[in-house]
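Undergrad: After the structure tokens below, expect a handful of questions from me.
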Amino acid sequence: MACMKLLGSKSEAFHRDGQTWHCTSGLQSDVTVEVGEMSFHLHKFPLLSRSALLEKLIGELTSADSSTCLFQLTQLPGGAKAFELVAKFCYGVKIELTSMNVVSLRCAAEYLQMNEEYGDGNLIAQTEAFLVEVFGSWTDTINALETCEEVLPHAEELHIVSRCINSLAMKACADPKLFNWPAAGCSEAGKATGTVLWNGICTSTKPQPMSDDWWYEDVSFLSLHLYKRLIQAVEAGGMRPENIAGAIVFYAKKYVPQMNRQSSFKNLNSGSTISVPSEADQRTLLEEIVELLPNQKGVVHTRFLLRLLHTAMVLQSSPSCRENLERRVGLQLDQAALEDLLIPNMGYSVETMYDMDCFSRILGHFMSMEQASASASPCIVEESQIMDGTHSLASITMVANLVDAYLADVAPDVNLKLQKFQSLAAAVPDYARPISDGIYRAIDIYLKAHPWLTDSEREQICRLMNCQKLSLEASTHAAQNERLPLRVIVQVLFFEQLRLRTSISGWFFVSDNLENSQNPSSVVSASKNGGCHQRVVSRGRVSCAEDMKERISDLEKECQSMREEFHKLVRAKRGWSFFCKRRSHPCNSKSSKHCSIKAEPPFVKEDQYHANNHAENKGPGC
């Protein structure tokens, strides 16, 4: 229940007629006080007996030949509404002190110098005592802080604003279960579950546990400068950065409608009557919010940071604001989603559809952090630090996958320059890509969307992927991909054959060991030991060896088919090159040896390569 205090005991003695207040005591008015557009026709004695300022003004303005005086109170805090309550207090009329009027009354009493020298229990003492009660209630303190906006300079001088903020910060930082915060009436946090109405009586079975965000909505109605001071106060009070970030996110989504238009966030203020601020106000608010966000990594969701960055671009925020957001996103890029990183380019003079420069800067911040952490790590680490290194490797691997997916999405853009594609792909080191399937997919899409690239440019872009790290599916696709240069296809086939040889050799080694383990001596030894378990294991090994032989046979067939496809491709390429050579500059038979084209694999000469293949065909494996 809201705090309230009654002052005075007399019944109502005033009535209002338009812009004029009259006292109905029956005595003729001898003083007129003008406050704004309102005029108060009152009596001298009740006023000068309570206020030092009014006593001084009445004494100076009362002439000897006139019993009435007239003066204006243009600087009175709270205006006519506050002076009405002051006049009623001076006459002893019953008034109500609430959290909504106590601040203006306290400032008006200070301005009018209504201290204890002009009567015990004067208005300054009464309002100060009631403020102490207000600070004990969460809701009343918020109401009082909101009313400070009307009399802000005077409330600052009397330290009412700082006392309200400190009270709210103490309650927000305290454990709600321990101190029974917040008081009744704030948000929906303190409601009980299992509420049942029986004959109009509300019964609750179990109180609802208080969550950490119970205070977000209550303080979101504060103006920006008061909200900023409250956030700084709760931060100084030791609140967890995650809770502070949650409150700021709530405030931003409520007062920056431009961000809600550009993102999928739900507008939390859909039912509010607050007017939509202008883009200039939103820009100022967004820049202040970015400065308020905690600097710790991970306390603010990466998706929200990217939404802020997108909105900052739309609102044309300051370069420092955008740079701050890019740095924050870069520190936790491994937690980002691809759809959030696809930020459209702003303006009409841009080349690409998406802002790749922004993504490149974000990636640069992440790689700088990774390099700094790697250089700071000692060569000899303790066992407790091994998990940190594993986490770092996992994060850069996630970023590498993110970069590959990003390149695959932007690759169809015909305006994307080769140098920009290469620089973005090369920003991630090779060790961060355990498998090169992602970068191969991006390269293939880029080559398909840019068919005018020369052979040298195609070979240049294909150097971005490691052919040794392609999976079997990717290698099969690359071996039949006509968009790839011949040299790359040869490399893919070579490494696939090398991998196949290694696998077959390993399987033959295992198979020989299994056959040796099944000789009679081992059976005799097993019978001597009396273990039926050994016979079961031997049968399992026999079946495993049969499975391996079948797998080896399948791999041999796949290898033979890949070899035939390769020979067809080489013959077709050689014939087409020879035909082009003859058409371009024909040569005689004597100099034909100088005009022939000889295609060589990257690591083995052609004659040696065919000789090796011929020797392999005679062997037991291939």
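Undergrad: Step by step: first the residues of the stretch 101-129, then only those that are open to solvent by less than 20 Å² (accessible area, probe 1.4 Å) and part of a loop (DSSP other than H, G, I, E, B), then the one that is farthest from HIS154 (Cα to Cα). Which residue is that?
TA: Out of the qualifying residues, it is ASN122.
Undergrad: Of the residues VAL86, VAL132, which is part of a helix (DSSP H, G or I), crowded, with 21+ Cβ neighbours inside 10 Å and within 53 Å of the chain's Cα centre (by Cα)?
TA: VAL86
Undergrad: Follow-up question, since we're still on this one. Please specify each residue of the stretch 370-423 satisfying the condition of being in contact with a Gly (Cβ under 8 Å, 6 or more places away or on another chain), in a helix (DSSP H, G or I) and modelled with pLDDT under 90.
TA: None; the set is empty.
Undergrad: Let me ask another. Anything in the stretch 67-83 that is open to solvent by 30 Å² or more (accessible area, probe 1.4 Å) and either modelled with pLDDT of 95 or more or under 22 Å from ASP140 (Cα atoms) (or both)? List them, or say none.
TA: GLY78, LYS81
Undergrad: If we scan the stretch 426-438, do we find a residue that is open to solvent by less than 20 Å² (accessible area, probe 1.4 Å), in a helix (DSSP H, G or I), closer than 30 Å to CYS358 by Cβ and at pLDDT 90 or above?
TA: The answer is yes; a qualifying residue exists.
Undergrad: For the stretch 300-319, give me each residue that is open to solvent by 20 Å² or more (accessible area, probe 1.4 Å) and under 23 Å from LEU230 (Cβ atoms).
TA: The one that is open to solvent by 20 Å² or more (accessible area, probe 1.4 Å) and under 23 Å from LEU230 (Cβ atoms): HIS301.
Undergrad: A further question follows. Take the conditions open to solvent by 40 Å² or more (accessible area, probe 1.4 Å), free of Cβ contacts under 8 Å to residues at least 40 places away in the same chain and not β-branched (Val, Ile, Thr) and apply them to GLY26. Does it pass?
TA: yes
Undergrad: So which residues in the stretch 220-236 are of a type in the set (Phe, Trp, Tyr) and in a helix (DSSP H, G or I), if there are any at all?
TA: Of everything in the stretch 220-236, just one residue is of a type in the set (Phe, Trp, Tyr) and in a helix (DSSP H, G or I), namely TYR227.
Undergrad: Does PHE40 qualify as being aromatic (Phe, Trp, Tyr) and assigned to a helix (DSSP H, G or I)?
TA: For PHE40, the condition - aromatic (Phe, Trp, Tyr) and assigned to a helix (DSSP H, G or I) - is not met.
Undergrad: Which residues, counting only those in the stretch 216-236, are under 16 Å from THR139 (Cα atoms) and either without any contact (Cβ under 8 Å) to a residue 12 or more places away in the chain or open to solvent by 80 Å² or more (accessible area, probe 1.4 Å) (or both)?
TA: Result: GLU217, PHE221.
Undergrad: Let me ask you something else. Looking at ARG327, ARG361, ARG283, ARG322, which one is open to solvent by 20 Å² or more (accessible area, probe 1.4 Å), in contact with a His (Cβ under 6 Å, 6 or more places away or on another chain) and free of Cβ contacts under 8 Å to residues at least 40 places away in the same chain?
TA: ARG327
Undergrad: Then there is this: Restricting attention to the stretch 260-287, which residues are modelled with pLDDT of 75 or more and among the aliphatic types (A, V, I, L, M)?
TA: Result: ALA280, LEU285, LEU286.
The values are calculated or read from the model by the stated rules, or taken from the named source; none is laboratory data. For clarity, every value in this text was computed on a predicted model and none was experimentally measured. All Cβ positions, even for glycine, are placed from backbone atoms using ideal geometry, and neighbour counts span all protein chains on display. Side chains are part of the model used for accessible areas, which takes the heavy atoms of the whole protein and leaves out ligands, DNA and RNA. Shrake-Rupley method; radii C 1.70, N 1.55, O 1.52, S 1.80 Å.
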